[in-house]
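Chemist: Dropping the structure in here first, questions after.
What follows draws every value from the coordinates through simple rules; no lab data is involved. Keep in mind it's a predicted model, so treat the numbers as computed, not measured. Note that each Cβ is placed from the backbone with ideal geometry, even for glycine, and that neighbours are counted across all protein chains shown.
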Amino acid sequence: MTVHIVKSFDEELNRMTGEIAQMGGFVEEQIMASVNALVRRDSDKAQEVIAKDKRIDALEDEVEQMALRLLALRQPLAADLRLVTTAVKIAADLERMGDYAANVAKRALTLNKLDPVRPVNSVPRIAELVQGMVKDVLDAFVERDVEKALAVWRRDEDVDAYYNSLFRELLTYMMEDPHHITPCIHMLFIAKNLERIGDHATNIAEQVNFLVRGKPVEEARPKGDLTAYSTPES
Amino acid sequence: MDREADVAEARIDQGESPFRANFALGENSSATPDAGAPQQIAVTAKDVSVFYGKKQALFSVNLNIERNRVTALIGPSGCGKSTFLRCINRMNDTIEGCRVTGEIKLDGTDIYGRGIDVVQLRARVGMVFQKPNPFPKSIYENVAYGPRIHGLAANGRELDDIVEQSLRRAGLFDEVSDRLNTPGTSLSGGQQQRLCIARAIAISPEVILMDEPCSALDPIATAKVEELIDELREHFTIAIVTHNMQQAARVSQYTAFFHLGNLVEFGPTEHIFTNPTEERTQDYITGRFG
C-alpha cells in the first residue's frame, strides 16, 4: 500500500504492528520455555516463565493505548481503521496465550513435586505445533498474507487431533491407578492450555483475514476437538 | 407466487427503480442498515459529462440520489464533485462556455429538456453555498423573499407562518425570534448559514444542494448544521459536497467519490469508509494521496 501523506501516521501504524510482532515473539518463547520447564522438571525455569508473563501484559496495555491515541488523533479510516481494531483484538488474544503459557509453568511446578508420568512426552509435540501456528499467524499479520493466515486457521485441526489422543491416553492411565489421577489431571490441563493457544491463533488468523479483505472468513472452521463427547469406554 | 418477484413488483409499483444506487460498486454493494430501507430515487444522472470550453471536467457520470437521504460527494479539489452538484440545478448554465451532456432527471423529468423553466427548477432544487450569503435585508426578508416571489403565500399571515416554520426547521427561530427585523448579516457565521438554509427550505424544495456548507464555520456551528442536515432529510433530499471526510461519514447515508472527473465509487457511506472497493477510494479517504 502507498504511504500516507502525513509520514508520522505511517510511523505510528508501523510501530503498532511492531509491538504486536514483539508480543508474538514473547508468547512463542513463553510456550517453549514453559514446556521445557515441564519436560526437564526445571522449577527455576518455570518460575521465570511465570514472572515474564508481565512483559506480555505490559505490551498489551501499550497496544491498547496506541490504538486509543490513533483513533482520537488520526481518525483512521478503511484499512487503517481495520488495522487499529484488529491490533487491539490480536493483542488481547496474545495476552491470553501468555496466560495459558504461564499456567503451564505453574502446573509444571506442581508436577515437579510428583512422580513423572509417561504421557508427558506428547505434550512437547502439541507445544511445537501451536508455537508454529503463533509464529506463522503473526508473520501473516505482518505480511498481510491472508492465505498464510488461513493455512494456520485450518492447521488447528492437527492440534485438536493430538489433544484428543492425549486425552484418551490420560484416561487410561488414570483408570490404571488412582495415584496417577493428580499428575494426569494437571497434564490434561496443560494440554488443554496448549490447545486453547491454538484456538486463539485461529482467532488471529480470522483477524488477519478481516484486516486484509474487510469481511469475515466465509468457510466453516474444521473442528477436531471431540473430547467433549468422550467417555472412558469410547 | 415467488415472494421475491412479488416484492420487486411492489417496489416498481411505488415508482421505484429496481436497480438503485449501486453503479460503481463491487460485490459488497448491498445497502447497509444505516442506509435504511430503499427509497425512491429523487435525482437520476445518466452519462453526465461537463465541458468548460474544450476542457472536460466530468466524464460520463451515472449516479442516483435517493429521496430523503443525504448523499455526500467527496474527492480532491478539481475532481468534479462541485461541477456535478451544480448540474443538478443548472447552476453551470451561468458559466460561460460550459456544456453539459447526458441526462439528469428530477422525478423522471429531464431537467435539461425543452420547456424547463430554470427558475422553477431552482425552486425545486435549492442550494446552500460555502460562504453564508444572506441578502442585505432583514432576517425576516431573507426567508420571506423566495416564498413571496414564487407566490407561495396568500397573505401576510401565511408568509409569517412560512418564515417562522422555515426558521424553526433550520434550528434558528429561538435564537432570532426577537430580532427578525435586524439585518441577516448581523448574525454570526453559523447563524447566517442556518439562515441561508432557512431561506432555501422556505420555498419547499425537493432537493437541497450544499456546497461545502460548513467549511467557513467553527466546530460548534458545524455540529449544529450537521444536526440540522440530519433533521432536514425527513422532508428533503440532500446532496452535499464536503472536503471533510469525517463530515461525510457523519452526515450522509450514501457517499460518492470523484477523482479527475470520474465517479470512482458510489455506495453506502458505511461501506465507503470501512471497506471501500476501489483502491483509489481507499487511498483518498485514508490520506494517501492529495
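Chemist: With the cut-off at 19 Å, report for the stretch A:105-176 the share of all Cα pairs above it, as a whole percent.
Modeler: 50 percent
Chemist: A follow-up question, please. Any idea how far the Cα center of the stretch B:212-290 sits from the one of the stretch A:1-32, in Å?
Modeler: The two parts, judged by their Cα centres, are 31 Å apart.
Chemist: Work from the charge dipole of the stretch A:63-200 (Cβ charges, +1 for Lys and Arg, -1 for Asp and Glu, about the Cα centre) and give the residue of A:Ser122, A:Gly198, A:Met97 farthest towards its positive end.
Modeler: Of the listed residues, the answer is A:Met97.
Chemist: Let me ask something else about it. Suppose only helical runs count, i.e. DSSP H with n ≥ 4. What mean residue ellipticity at 222 nm does that imply for chain B under -39500 (n - 2.57) per run, divided by all residues and rounded to the nearest 500 deg cm²/dmol?
Modeler: Rounded to the nearest 500, the figure is -10000 deg cm²/dmol.
Chemist: Any chance you could give the angle, 0 to 90 degrees and rounded to 10, that helix B:189-201 forms with the longest Cα principal axis of chain B?
Modeler: 80 degrees
Chemist: Have a look at A:Asn209, A:Thr182, B:His259 and report the one farthest towards the positive end of the charge dipole of the protein assembly as shown, computed about the Cα centre with Cβ charges (Lys/Arg +1, Asp/Glu -1).
Modeler: B:His259
Chemist: If you take the Cα Rg of chain A and divide it by 2.2 N^0.38 Å, with N the number of residues, what do you get?
Modeler: 1.11
Chemist: For n ≥ 4 DSSP H runs only, could you compute -39500 (n - 2.57) per run for chain A, divide by its residues and tell me the 222 nm figure to the nearest 500?
Modeler: Mean residue ellipticity at 222 nm (helix-derived): -28500 deg cm²/dmol.
Chemist: How do the peptides B:146-158, B:84-96 rank, highest first, by the average count of neighbouring beta carbon atoms within 10 Å per residue?
Modeler: Those peptides, ordered most packed to least, come out B:84-96, B:146-158.
Chemist: Restricting attention to the alpha-carbon atoms of the stretch A:97-234, what are Rg (one decimal) and Dmax (integer), both in Å?
Modeler: 16.6, 53
Chemist: Could you size up the charge dipole of the stretch A:76-208 around its Cα centre, putting +1 on the beta carbon of Lys and Arg and -1 on that of Asp and Glu, and report it in debye to the nearest 20?
Modeler: Its charge dipole is roughly 320 debye.
Chemist: Name the aspartates and glutamates eligible as straight-distance cross-link partners of A:Lys215: C-alpha to C-alpha under 17 Å, and not fewer than 8 places from it in the same chain.
Modeler: Cα-Cα hits under 17 Å: A:Asp80, A:Asp145, A:Glu147, A:Glu206, B:Glu27, B:Glu270, B:Glu278, B:Glu279.
Chemist: Could you work out the relative contact order of the stretch B:85-150, using alpha carbon pairs under 8 angstrom and six or more residues apart, expressed as a whole percent?
Modeler: Computed value for the stretch B:85-150: 26 percent relative contact order.
Chemist: Also: Calculate how many DSSP beta bridges within the protein assembly as shown are antiparallel, expressed in % of all such bridges and rounded to the nearest 5.
Modeler: DSSP beta bridges in the protein assembly as shown are roughly 60 percent antiparallel.
Chemist: Order of A:Val104, B:Val125 from fewest to most other C-beta atoms within 10 Å?
Modeler: With the fewest neighbours first, A:Val104, B:Val125 line up as B:Val125, A:Val104.
Chemist: Name the long-range amide H neighbours of B:Ala72: under 5 Å, sequence gap of 5 or more, or other chain; modelled H, no Pro or chain starts.
Modeler: Close amide H contacts, sequence-distant or interchain: B:Ile240, B:Gln253, B:Tyr254, B:Thr255, B:Ala256.
Chemist: Turning to a different aspect of this structure: Residues in the stretch A:102-119 near a label at A:Asp44, defined as backbone nitrogen under 19 Å from the 7 Å Cα→Cβ point?
Modeler: A:105-106, A:108-113
Chemist: Grab the alpha carbons of the stretch A:1-126, take their convex hull, and tell me the volume per residue in Å³.
Modeler: With only Cα atoms used, the stretch A:1-126 gives 100 Å³ per residue.
Chemist: How would A:Thr231, A:Thr86, B:Thr185 line up from fewest to most surrounding beta-carbon atoms within 10 angstrom?
Modeler: So the ranking, lowest neighbour count to highest, is A:Thr231, B:Thr185, A:Thr86.
Chemist: Right, here's the next one. Hey, which of these cross-link pairs are over 27 Å Cα-Cα: A:Lys89/A:Lys223; B:Lys105/B:Lys224; A:Lys45/A:Lys223?
Modeler: Flagged as over cut-off: B:Lys105/B:Lys224; A:Lys45/A:Lys223.
Chemist: Now a separate question. Taking all pairs of different Cα atoms in the protein assembly as shown, averaging 1/r and flipping that mean, what Kirkwood radius in angstroms comes out?
Modeler: This gives a value of 27.4 Å.
Chemist: Can you tell which of B:Gly115, B:Ala223, B:Thr71 lies farthest toward the positive end of the dipole of the protein assembly as shown, using +1 and -1 charges on the Cβ of basic and acidic side chains (Lys, Arg; Asp, Glu)?
Modeler: Result: B:Gly115.
Chemist: Another one. Taking Rh as the Kirkwood radius computed over C-alpha pairs, what is the Stokes-Einstein D of the stretch B:2-285 at 37 °C in a medium of viscosity 0.692 mPa s, expressed in µm² per second?
Modeler: 168 µm²/s
Chemist: Using only the Cα atoms of the stretch A:136-215, what do you get for the radius of gyration and for Dmax, in Å?
Modeler: Cα-based Rg and Dmax for the stretch A:136-215 come out at 16.8, 53 Å.
Chemist: Have a look at B:Asp117, B:Asp178, B:Asp211 and tell me which one the Gaussian network model of chain B (Cα, springs below 10 Å) gives the largest fluctuation.
Modeler: It is B:Asp178.
Chemist: Return a whole-number percent for the relative contact order of the stretch B:2-285, with Cα pairs under 8 Å and 6 or more residues apart as the contact set.
Modeler: Relative contact order for the stretch B:2-285 comes out at 28 percent.
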